[in-house]
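Everything below concerns the one structure shown next.
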Amino acid sequence: MTAETPVLDTLADLTAASLEHDSLSPRELMLVRTAALISVDAPPASYLANAGLAADSGLTADDVQGVMIGVAPVVGTAKVVSAGGKIFRALGLAIAVSEADGQGDVD
């Protein structure tokens, strides 16, 4: 853990531990995490923090839309609409950071 980013380092450690100890496939785990983020009305930064793992696991935009549709009757339409906007903002932030780092387009 570095002294510069202790909170981010701790979150990364928690994520790594959950991947190591979970019986779900990485894709299934990211579907569950996406549903959980929607259910707690997570901020854009939370979606951004999971974006790399989601992409690495093969999660698609269609998968995220499917999760949103699936959880809507349970968490309510307001949280699903809120999540859509936050996911969109997180994607925009990811693209801006990528471009600033000279990495080009984010897929």
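Where a number appears in this text, it was derived from the coordinates with a stated rule and is not lab data. All of these numbers come straight from a predicted model, not from anything done at the bench. Please note: Cβ atoms are built from the backbone with ideal geometry, for glycine as well, and neighbour counts cover all protein chains shown.
For the range 28-73, a/c is not less than 1.5, where a ≥ b ≥ c are the root eigenvalues of the C-alpha gyration tensor, and a/b does not top b/c. That puts it in the oblate class. Explain nothing, just compute: Karplus ³J(HN,Hα) = 6.51 cos²θ - 1.76 cosθ + 1.60, θ = phi - 60°, for every residue of the range 16-23 in order, whole Hz, x for Gly and Pro. Using θ = phi - 60°, the values come out as 4, 5, 5, 5, 5, 9, 9, 8 Hz. For the range 25-100, a simple Cβ point-charge model (Lys and Arg +1, Asp and Glu -1, everything else neutral) yields a dipole of about 200 debye relative to the Cα centre.
What net charge do the residues around residue 63 carry, taking every other residue with its C-beta under 11 Å from that of residue 63, with Lys and Arg at +1 and Asp and Glu at -1? Before the final figure, lay out the partial values.
Numbers: positive: 27; negative: 28, 62.
Neighbourhood net charge equals -1.
Sorting the segments 4-14, 40-50, 87-97 by their residues' average number of neighbouring beta-carbon atoms within 10 angstrom, most packed first, yields 40-50, 87-97, 4-14. Near residue 15: Cβ cut-off under 13 Å, other residues only, Lys/Arg at +1 and Asp/Glu at -1. The net charge is -4.
The packing ranking of peptides 16-24, 29-37, highest mean first, is 29-37, 16-24, where packing means the average number of other beta carbon atoms within 10 angstrom of each residue.
Here are a few candidate values for Rg and Dmax of the Cα atoms in Å: [x] 12.8, 39; [y] 14.4, 43; [z] 15.2, 48. Which one was actually calculated from the structure I just gave you? So the structure-derived entry is [y].
Only helices enter this figure: runs of n ≥ 4 DSSP H residues, each worth -39500 (n - 2.57), summed and divided by the residues of the chain, yield -26000 deg cm²/dmol at 222 nm to the nearest 500.
Here the label points at residue 97 and residue 61, each 7 Å from Cα along the C-beta direction, are separated by 2.0 nm in the simple model.
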